[in-house]
Structure formats: C-alpha cells, structure tokens
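Just so it is clear, none of the values below were taken in a lab; they were calculated from the coordinates. Only a predicted model underlies this, so the values are computations on that prediction, with no experimental measurement involved. Note that we place each Cβ from the backbone using ideal geometry, even for glycine, and neighbour counts take in every protein chain shown.
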Amino acid sequence: MPVIALNPGYAGETRDRIGNFHGNQLVYFGWDQHLLFCSPFTLPLPPDLPFGAMVSDVIAPLLAAHPDGAAIDWTQAQWLRGGEPFAPDTAASLVANGLGHKSLLRLRTPGLRGIAGSCN
C-alpha cells in the first residue's frame, strides 16, 4: 500500500522486511467461510519448513479451536496461493511451493461452512 508522507523527503524504515524475522518469513493464512477467525493469521515460519509439517504442526492446531476444526478432511482440502488454486507438494518446503515472505495462503474445506453454516 503506498504511503503519502506529509513531509517531503520522508523515508521510514521498513520494519516488516524478511531480515527482521530471524530466519523466518511471514505467511498469511486464512480459512475461507470461517470468519470466527476475522482476519488471516500471520505466521512467522522457516522458509525450508515442509508444507505438510506446516499443516500438521502449525495450521491444524490453530484451527482446532473452531468447532469445525476436528471435522476437516485434509485429503479434500483446497488450497489457494495468492488467490490462485494450487496443489501443494506436502514433502517440499514452503519456498519450493511458491510461498515467500508475506505470501497469502487460503484454505477451503468442502462441506464445512462455519458454525451451523453461518460462515463463522
């Protein structure tokens, strides 16, 4: 998002650059039709983390707090990277799956539409 400075020549320090995350990169993660989580999670993750480990060790525990969390059929999960559908290689790293610093990853779970179908 562009910023219009009120003072000519203003130059601020970029604080969300990858070098500030101790070897991790930020991955934004959202679960479609589950607005109980009102915005995407911001996950600081190692770029070499296998996609499957991210799902089992990071994402699944986060979603367990939702009543639909236990009902997720991970074999039917649909993934979007930057708004485009993709089929992740679960054994490959995040980077190898095209997830870089500040990438957006979304999950769709067919048949699950939030609490009582409310998208919450």
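Which of the peptides 60-66, 92-98 is most tightly packed, and how do the rest follow, going by the mean number of other Cβ atoms within 10 Å of each residue?
92-98, 60-66
Using alpha carbons only, how many angstrom separate the centre of region 14-40 from the centre of region 45-103?
Answer, in whole Å: 13.
Once both labels are modelled 7 Å past Cα along the beta-carbon direction, what's the ASP32-ILE18 spacing in nm?
Calculated label separation equals 2.7 nm.
Between SER39 and SER118, what is the spin-label point distance in nm, taking each point 7 Å from the Cα along the Cα→C-beta axis?
Between SER39 and SER118, the label points sit 2.2 nm apart.
Magnitude of the Cβ-charge dipole of region 51-120, K/R +1 and D/E -1, about the Cα centre, nearest 20 debye? Before the final figure, lay out the partial values.
Numbers: 5 positive and 5 negative charges, 46 e Å.
Value, rounded to 20: 220 debye.
Taking mean projected area of the Cα convex hull in nm² straight from the coordinates, which label in (1) 10.4; (2) 9.5; (3) 9.1 is the correct one?
Here mean projected area of the Cα convex hull in nm² agrees with entry (3).
Between beta-carbons, use under 15 Å as the cut-off and find the net charge around LEU63, counting Lys and Arg +1, Asp and Glu -1. Walk me through the numbers on the way to the answer.
On the way: positive: ARG106, ARG108, ARG113; negative: ASP32, ASP57, ASP68, ASP73.
After counting each charged neighbour, the total is -1.
At what distance in nm do the modelled label points of LEU6 and HIS101 sit from each other, each positioned 7 Å from its Cα along Cα→Cβ?
3.0
Pairs of alpha-carbon atoms within less than 8 angstrom and 6+ residues apart define the contacts here; what relative contact order does region 21-117 have, in percent?
Reported relative contact order: 41 percent.
Out of all DSSP beta bridges in region 21-117, what portion is antiparallel? Express it as a percent rounded to 5.
Taking every DSSP beta bridge within region 21-117, about 70 percent pair in antiparallel fashion.
Measuring from a point 7 Å past the Cα of ARG108 along Cα-to-C-beta, which residues in region 60-94 have an amide N at less than 15 Å?
76-88
Treating only the Cβ atoms of Lys and Arg (+1) and Asp and Glu (-1) as charged, compute the dipole magnitude of the chain about its Cα centre; round to the nearest 20 debye.
240
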